[in-house]
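Enquirer: The following block contains the structure, expressed as structure tokens.
The values are calculated or read from the model by the stated rules, or taken from the named source; none is laboratory data. Values in this document were obtained by computation on a predicted structure and should not be read as measured data. As a convention, Cβ positions derive from the backbone with ideal geometry for all residues, glycine included, and neighbour counts pool all protein chains shown. Keep in mind that these areas ignore ligands, DNA and RNA; they rest on the heavy atoms of the full protein, side chains included. Shrake-Rupley method; radii C 1.70, N 1.55, O 1.52, S 1.80 Å.
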Amino acid sequence: MTKAEILAKAGKEKRSLLTEIESKELLKAARIPVVETRLATSKKEAMEIAVKLGFPVVMKIVSPDVVHKSDAGGVKLSIQNASQAGRAYSEILANIKKHYPKAKITGVTVQKMAKQGIEVIIGMTKDAQFGPVIMFGLGGILVEVLKDVSFRIVPMTKRDASEMIGEIKGYPILKGYRGQDPADIPFLEDLIVKVSQFVDKNPEIKELDLNPVFAYKDGALAVDARIILESAA
Ligand code: ADP
Ligand code: MG
């Protein structure tokens, strides 16, 4: 789907939360690396897509009423074969029905299971005064508990991106701590600048979250993406 089609569909459904698939499509079109992700609307289709993508795969709920997918049992990792994919489909739907009996269910994504990297988060929120502001930090507990993040106002230069990466307390982890692989910092700088350009060119986006991005020795890949649109006037 094109951007126009995605926005039209969301508008028609009075939905400000784009699905993970829609979010990733917009990002991919802006050449921001995202893991390959397809939508399945039946168990059979999920199994077929999984076989086509090649194992292992990850499956996740797609619902406009579920923002935090794993909290509701809506994410299954490390699926190794077609029968596991079939079972994961049923389990995800059962979990969501239990947690959110009224949730509208669009389907389930099937995506390639990305190899583990250092989890980072790149986000955007809009400040009443400054407009779009980009956030960067390490993923997981470091962002949730320690709030170890840095911020910059859009538009951003590569230098801004470099500084914001260097500012976080977890920076030594990105440099490769105790023999762990380092992150590709120049790639992350480019990625942050691309995200800042993306939000600058798409003012209809109110909030953006790439959480997590897996940072590798070479490159990086967003495995989850969430875009919230400005509500239509
Ligand atoms: P949530 O809506 O709960 O944020 P995520 O899509 O971020 O759901 O998935 C939860 C976790 O599962 C991620 O933080 C990441 O560690 C892992 N994960 C998600 N998608 C993939 C993937 N395609 N490959 C590998 N790991 C993944
Ligand atoms: Mg996530």
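Enquirer: Look at region 200-224 and say how many of its residues are away from ligand 1 (no atom under 16 Å from the Cβ) and either more than 19 Å from R15 (Cα to Cα) or open to solvent by 10 Å² or more (accessible area, probe 1.4 Å) (or both).
Expert: Number satisfying all stated conditions: 8.
Enquirer: Next question, about the same structure. Identify, from the list K147, K158, the residue that is exposed (fewer than 14 other Cβ atoms within 10 Å of the Cβ) and touching an Asp or Glu at 6+ places or on another chain (Cβ under 6 Å).
Expert: Numbers: K147 fails: touching an Asp or Glu at 6+ places or on another chain (Cβ under 6 Å).
Every option except K158 fails the conditions.
Enquirer: A follow-up question, please. Which count do you get for residues in region 4-32 that are in contact (Cβ under 8 Å) with a residue 40 or more places away in the chain, open to solvent by 30 Å² or more (accessible area, probe 1.4 Å) and assigned to a helix (DSSP H, G or I)?
Expert: 2
Enquirer: Something else about it: Residues that are of a type in the set (A, V, I, L, M) and open to solvent by 20 Å² or more (accessible area, probe 1.4 Å): does region 162-176 have at least one?
Expert: Checking region 162-176: at least one residue is of a type in the set (A, V, I, L, M) and open to solvent by 20 Å² or more (accessible area, probe 1.4 Å).
Enquirer: Which one of R178, R152 is assigned to a loop (DSSP other than H, G, I, E, B) and either more than 17 Å from P212 (Cβ to Cβ) or assigned by TED's automatic domain parsing to the domain that holds A225 (or both)?
Expert: R178
So that you can scan it fast, the table gives a plain yes or no per residue for (1) farther than 22 Å from G166 by Cβ; (2) of a type in the set (K, R); (3) without any contact (Cβ under 8 Å) to a residue 24 or more places away in the chain; (4) within 16 Å of ligand 2 (Cβ to nearest atom):
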| residue | (1), (2), (3), (4) |
| --- | --- |
| A183 | no, no, no, no |
| P186 | no, no, yes, no |
| I192 | no, no, no, no |
| V195 | no, no, no, yes |
| G219 | no, no, no, no |
| A222 | no, no, no, yes |
| I227 | yes, no, no, yes |
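Enquirer: Return yes or no: is L39 open to solvent by 20 Å² or more (accessible area, probe 1.4 Å), farther than 30 Å from K201 by Cβ, touching a strand residue (DSSP E or B) at 6+ places or on another chain (Cβ under 7 Å) and among the hydrophobic types (A, V, I, L, M, F, W, C)? Can you show your working first?
Expert: Working: open to solvent by 20 Å² or more (accessible area, probe 1.4 Å): yes; farther than 30 Å from K201 by Cβ: no; touching a strand residue (DSSP E or B) at 6+ places or on another chain (Cβ under 7 Å): yes; among the hydrophobic types (A, V, I, L, M, F, W, C): yes.
The answer is no for L39.
Enquirer: Show me the strands (runs of 3 or more DSSP E) found entirely inside region 57-143 where at least 2 residues are in the same structural domain as Y171 (by TED's automatic domain parsing), closer than 28 Å to V199 by Cα and over 14 Å from the mean Cα position of the chain (by Cα).
Expert: Hits in region 57-143: 118-127, 131-138.
Enquirer: In region 71-107, how many are under 15 Å from E45 (Cβ atoms), touching a strand residue (DSSP E or B) at 6+ places or on another chain (Cβ under 8 Å) and either away from ligand 2 (no atom under 16 Å from the Cβ) or open to solvent by 50 Å² or more (accessible area, probe 1.4 Å) (or both)?
Expert: 8
Enquirer: Within the bounds of region 149-163, is there any residue that is farther than 27 Å from L229 by Cα, in contact with a strand residue (DSSP E or B) (Cβ under 9 Å, 6 or more places away or on another chain) and either touching a residue at least 40 places away in the same chain (Cβ under 8 Å) or not hydroxyl-bearing (S, T, Y) (or both)?
Expert: There is at least one residue in region 149-163 that is farther than 27 Å from L229 by Cα, in contact with a strand residue (DSSP E or B) (Cβ under 9 Å, 6 or more places away or on another chain) and either touching a residue at least 40 places away in the same chain (Cβ under 8 Å) or not hydroxyl-bearing (S, T, Y) (or both).
Enquirer: Then there's this: Among the residues of region 152-163, is any at pLDDT 95 or above and under 19 Å from the mean Cα position of the chain (by Cα)?
Expert: Step one: list which residues in region 152-163 are at pLDDT 95 or above, which gives 152-163.
Applying the additional criterion that residues be under 19 Å from the mean Cα position of the chain (by Cα) yields none.
No, region 152-163 contains no residue that is at pLDDT 95 or above and under 19 Å from the mean Cα position of the chain (by Cα).
Enquirer: Hey, among M59, M113, which residue is of a type in the set (A, V, I, L, M) and open to solvent by 40 Å² or more (accessible area, probe 1.4 Å)?
Expert: Answer to the check: M113.
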